[in-house]
Amino acid sequence: MSSSARARRHKRINCPEITTYMRMVETGKVRACSEQHQLMAHLRRVFADEELIIDTERLAAYRHYEKYFPFELFPWELFAFALFMCVFNKDGTPRWSQELAYMGRGGGKNGFCSFIAFCSTTKVNGIRDYDVDICANSEEQAKTSFDDIWNILENSGQRRRFQKGFHWNKEEIVCRSTNSRIKYRTDNPKSKDGLRSGMVIFDEVHAYQNFDNIKVFTTGLGKKPHPRRLYITTDGDVRDGVLDSLLDKSRRILSGEIPDNGFLPLIFKLDTADEVSDKRNWVKANPSLPYMPVLVSQIEQEYQDFLDNPAGNADFMTKRMNLPAGNPDYQLTDYDNLKVASRELPDLSGMTCVFGIDFAKTQDFVAAALLFRDGDEYFAIQHSWVCRASKDLARIKAPLDEWERRGLLEYVDDVEIHASLVTDWLYEQMGTYDIQEGAIDSYRHSTFMRELDSIGFSAKEKTVKLVRPSDLMQIQPIVNSALINHRIAWGDDPMMRWYANNVKLTAAAHGNYCYDKIEPKSRKTDGFMALAAAFTVADRLPDTSEIEIIPTMTF
């Protein structure tokens with residue numbers, strides 16, 4: 001810690017790198033989303049209530065390295081850097097050891113990472129062997145910030161000067177005075193055990209479907225002083241993954257629901273989709289735009305393309321404005337509707353229900369769903385079986401093992417999933433619920449009919465409906481209405497959200513839509529399609545709101 005640094009409460013924050021951007025947001029000098037305004041209020045409270053050290057000498061020393069970089073840090077970057085690298089608790093530990101920078105594409109996130117990574121290895125940080133690992137799902141992305149630093153050392157015209165303090169090659173950059181290394185890492189968590197990182201940077205977090213990589217890289221933290229994590233990302237197409245988890249945590253912190261526990265959320269986005277029509281709002285998603293006129297011109301061109309063809313340019317809202325919109329002719333429904341459907345289920349014991357079964361092949365996934373009705377409300381329970389012999393398992397990045405622990409799926413160690421496993425589960429549910437009838441794909445029913453008949457369901461007795469594509473087209477508006485009006489719930493079931501988020505709508509004749517897979521190998525839909533099958537016989541369910549409950553009479 002710098003000799004002049006002292007811990008105290010800061011009702012007035014005496015650090016221009018922090019306060020300049022704060023005041024820009026608070027005074028409206030720069031348009032900012034609601035999360036940015038919440039962040040400024042949160043920071044004011046923290047600095048006023050806690051005894052913190054703002055190490056301005058350290059910050060000035062770090063800023064000395066700016067001259068070696070082909071850019072100057074923007075106000076938001078100075079703000080984020082100072083909070084992350086130069087604000088400490090009374091005991092000298094970083095006040096914010098984790099930072100999320102979530103902003104639109106093109107804002108300079110990788111340059112920001114490069115500067116932080118470089119500074120962290122130097123004698124200003126002063127911690128020996130403070131290794132910085134830059135991680136991403138692809139080597140190309142992981143190398144982006146690493147190559148920025150490598151090019152400065154190799155091609156800035158000061159190579160001889162840098163050789164006194166560093167040595168480098170295409171795989172690592174080493175600061176001689178601290179023996180701290182910068183390396184890039186890619187997607188293979190099993191090979192990363194035993195790391196001794198000081199800082200881990202996760203690039204484009206939106207691509208992470210689960211926390212496997214993050215857990216491997218972060219378990220090595222804590223072996224060096226001042227362990228830090230930096231997450232940088234735009235939004236993307238993966239839902240219910242790492243990014244959504246971090247954004248949910250961020251919003252709970254900013255709303256005051258939970259303490260920040262050292263997590264600093266920098267969220268830059270539009271507040272509503274309507275705001276995109278006024279280009280002055282674009283800075284909400286990308287605070288670098290006032291300093292990047294070339295980028296503004298590029299985004300203006302992309303915006304016109306988006307207006308001309310929204311379906312073909314849906315990434316504009318997702319990547320540039322950090323507001324995933326989805327294509328209504330493509331996406332099943334807004335992801336927010338799927339999250340609402342994940343609310344708690346009531347006690348369904350004894351209620352009448354119907355079932356649906358779906359599978360593409362028994363060597364892959366099989367799913368069954370129970371569907372209940374109470375007036376205009378629908379409730380669903382799904383269960384899945386996953387064949388370990390499936391050739392698609394290596395492609396799937398969803399946390400199947402976690403879902404197994406939660407009882408949402410069963411692994412089957414066999415060459416296929418036998419129909420008896422599904423009917424055994426249905427028979428077990430019959431002890432709790434009144435299962436009246438069910439539905440199954442007409443093209444695949446022969447695999448299951450004998451087993452279903454053994455527990456009392458058959459097509460001949462009309463207690464099993466053989467579902468045709470036209471049946472699914474007929475119920476699609478009903479399912480859509482239940483989703484958008486929040487009249488369906490399936491409990492806290494991330495697997496069902498995953499299934500549903502993997503479904504797309506394909507236009508058919510006469511204004512109808514059919515369900516299809518966004519990607520058949522790695523994004524399974526069986527659980528949702530089992531629910532859709534159950535909806536084809538939902539009209540057989542009694543409307544419990546019309547059932548008159550006769551009070552008990554004692555004689």
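The values are calculated or read from the model by the stated rules, or taken from the named source; none is laboratory data. The structure displayed is predicted, hence computed values, not measured ones. When we count neighbours, we look across all protein chains shown, and the Cβ atoms used for this are built from the backbone with ideal geometry, even at glycine.
Details
- Test: ARG45 is out of contact with any helix residue (DSSP H, G or I) (no Cβ under 7 Å at 6 or more places or on another chain) and either crowded, with 17+ Cβ neighbours inside 10 Å or not in a loop (DSSP other than H, G, I, E, B) (or both): yes
- GLY491 meets the stated requirement of being at positive phi, modelled with pLDDT of 95 or more and assigned to a loop (DSSP other than H, G, I, E, B).
- Any chance ARG444 is basic (Lys, Arg), in a loop (DSSP other than H, G, I, E, B) and surrounded by 15 or more Cβ atoms within 10 Å (Cβ to Cβ): yes
- Cross-chain or 6+ apart pairs with Cβ under 8 Å, region 495-514 first and over 22 Å from LEU338 (Cβ atoms), then in a strand (DSSP E or B): ALA508/CYS514
- In region 472-488, the residues that are over 15 Å from ASP334 (Cα atoms) form Cβ pairs under 7 Å with partners that are in a helix (DSSP H, G or I), at six or more places apart or across chains, as follows: LEU472/ALA532; ILE475/ALA532; ILE475/PHE535; ILE478/PHE535.
- Considering CYS113, CYS135, the condition of being closer than 30 Å to VAL283 by Cβ, of a type outside the set (Val, Ile, Thr) and touching a Lys or Arg at 6+ places or on another chain (Cβ under 7 Å) is satisfied by CYS135 alone.
- Of the criteria (1) closer than 21 Å to MET529 by Cα; (2) assigned to a helix (DSSP H, G or I); (3) modelled with pLDDT of 95 or more, which one ARG373 fails: (2)
- The set of residues in region 387-407 that are basic (Lys, Arg), more than 16 Å from the chain's Cα centre (by Cα) and farther than 18 Å from ALA360 by Cα comprises ARG405, ARG406.
- Between LEU230, LEU243, the distinction of being farther than 15 Å from HIS37 by Cβ, touching a strand residue (DSSP E or B) at 6+ places or on another chain (Cβ under 7 Å), at pLDDT 95 or above and crowded, with 19+ Cβ neighbours inside 10 Å belongs to LEU230 only.
- Output for region 289-317, where each listed residue is in a helix (DSSP H, G or I) and of a type in the set (S, T, N, Q): SER297, GLN298, GLN301, GLN304, ASN313
- Scanning region 363-401 for residues that are among the small types (Gly, Ala, Ser) and touching a residue at least 60 places away in the same chain (Cβ under 8 Å) yields ALA367, ALA368, ALA369, GLY375, ALA380, SER384, ALA398.
- Cross-chain or 6+ apart pairs with Cβ under 6 Å, region 158-180 first and touching a residue at least 12 places away in the same chain (Cβ under 8 Å) and surrounded by fewer than 13 Cβ atoms within 10 Å (Cβ to Cβ), then not hydrophobic (A, V, I, L, M, F, W, C) and not in a helix (DSSP H, G or I): ASN179/ARG128; ASN179/ASP129
- Region 397-441, residues that are in a loop (DSSP other than H, G, I, E, B) and surrounded by 15 or more Cβ atoms within 10 Å (Cβ to Cβ): LYS397, ALA398, PRO399, LEU408, GLU416, ILE417, HIS418, TYR433
- Taken over region 257-296, the criterion of being over 28 Å from ASP308 (Cα atoms) and either hydrophobic (A, V, I, L, M, F, W, C) or surrounded by 12 or more Cβ atoms within 10 Å (Cβ to Cβ) (or both) is satisfied by ILE258, ASP260, GLY262, PHE263, LEU264, PRO265, LEU266, ILE267.
- Pair list, Cβ < 8 Å and 6+ apart or interchain, from region 267-286 residues that are on the phi < 0 side of the Ramachandran plot and free of Cβ contacts under 8 Å to residues at least 12 places away in the same chain to residues that are in a strand (DSSP E or B) and among the β-branched types (Val, Ile, Thr): none
- Total residues in region 448-468 satisfying the condition of being part of a helix (DSSP H, G or I), surrounded by 15 or more Cβ atoms within 10 Å (Cβ to Cβ), in contact (Cβ under 8 Å) with a residue 12 or more places away in the chain and more than 37 Å from the chain's Cα centre (by Cα): the figure is 3.
- Looking only at residues in region 123-157 that are among the β-branched types (Val, Ile, Thr) and in contact (Cβ under 8 Å) with a residue 60 or more places away in the chain, the one that is farthest from ALA60 (Cα to Cα) is ILE134.
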